[in-house]
Number of protein chains: 2
Amino acid sequence: MYVILVYDIEEKRVGKMLKLCRRYLNRVQNSVFEGELTDVKLQELLHEAKAIMQIEKDSIIVFKSRQEKWLEKMVVGKEKNELDNML
Amino acid sequence: MYVILVYDIEEKRVGKMLKLCRRYLNRVQNSVFEGELTDVKLQELLHEAKAIMQIEKDSIIVFKSRQEKWLEKMVVGKEKNELDNML
């Protein structure tokens, strides 16, 4: 399953959330992540996320697509490629 | 065509970008928008966006899906519903 995850988390909690999301997905913009995840892994991620979030203040939206090819991605402007930083 | 648009724009330009994106799409999170757009309308939006952006600092990512039903959306936490504010 292909997943896009976007979050809007208050600053004091955002570091933890970033670390969590990076464990499961690739970061493509400041608060946007994408990648292939099984349903079980996604549930695991969201379970951990809920433990970090304040549900009435923070927000996560997940878009799921059965296949990556059903989604076309376009980037305008600065591209975030975390692999670059690691090389 | 179903479109998800996420932006990461420096603060001084973000107001203009917000206003632009709202003209074409529904805001579902602080910097996340979605909606049905034709290819022509999307090109129009991106053309206007490029005039606002500083290409080496700001970023827009667009995910396109031929059909909305190919995408499943889940919201965890606070839900942004701008219609609520308008009613």
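The values are calculated or read from the model by the stated rules, or taken from the named source; none is laboratory data. Note that the structure is a prediction, hence the values are computed from the model and not measured. Cβ atoms come from the backbone with ideal geometry, glycine included; neighbour counts cover every protein chain shown. Side chains included, ligands, DNA and RNA excluded: accessible areas come from the protein's heavy atoms. Shrake-Rupley method; radii C 1.70, N 1.55, O 1.52, S 1.80 Å.
Observations, loosely collected:
- Selection of first residues in the range B:38-56 that are among the polar types (S, T, N, Q) and of second residues that are modelled with pLDDT under 95, restricted to Cβ pairs under 8 Å at least 6 apart or on distinct chains, gives the following pairs, ordered by first then second residue: B:38/B:1; B:54/A:77.
- Per this entry, residue A:42 is not counted among residues that are more than 10 Å from chain B (Cβ to nearest Cβ), farther than 19 Å from residue B:80 by Cα and among the aliphatic types (A, V, I, L, M).
- Condition broken by residue B:61, with the remaining ones in (1) farther than 30 Å from residue A:46 by Cα; (2) of a type outside the set (D, E, K, R); (3) open to solvent by less than 100 Å² (accessible area, probe 1.4 Å) satisfied: (1)
- Each residue in the range B:29-44 was checked for being under 12 Å from residue B:2 (Cα atoms) and either acidic (Asp, Glu) or open to solvent by less than 20 Å² (accessible area, probe 1.4 Å) (or both), and 7 pass.
- Top-ranked residue of the range B:45-87 - restricted to ones that are away from chain A (no Cβ under 11 Å) and modelled with pLDDT under 95, ranked as nearest to residue A:66 (Cα to Cα): B:81
- Selection count, the range B:13-28, where residues are open to solvent by 30 Å² or more (accessible area, probe 1.4 Å) and either of a type in the set (Val, Ile, Thr) or not in a helix (DSSP H, G or I) (or both): 3
- Index of the failed condition, residue B:7 passing every other in (1) away from chain A (no Cβ under 12 Å); (2) aromatic (Phe, Trp, Tyr); (3) within 27 Å of residue A:52 (Cα to Cα): (1)
- Of the numbered criteria (1) at pLDDT below 95; (2) closer than 22 Å to residue A:80 by Cβ, the one residue B:21 fails is (1).
- Where a residue in the range B:58-78 is on the phi > 0 side of the Ramachandran plot and its partner, wherever it lies, is open to solvent by 60 Å² or more (accessible area, probe 1.4 Å) and of a type in the set (S, T, N, Q), with Cβ under 9 Å and at least six apart: B:77/A:54
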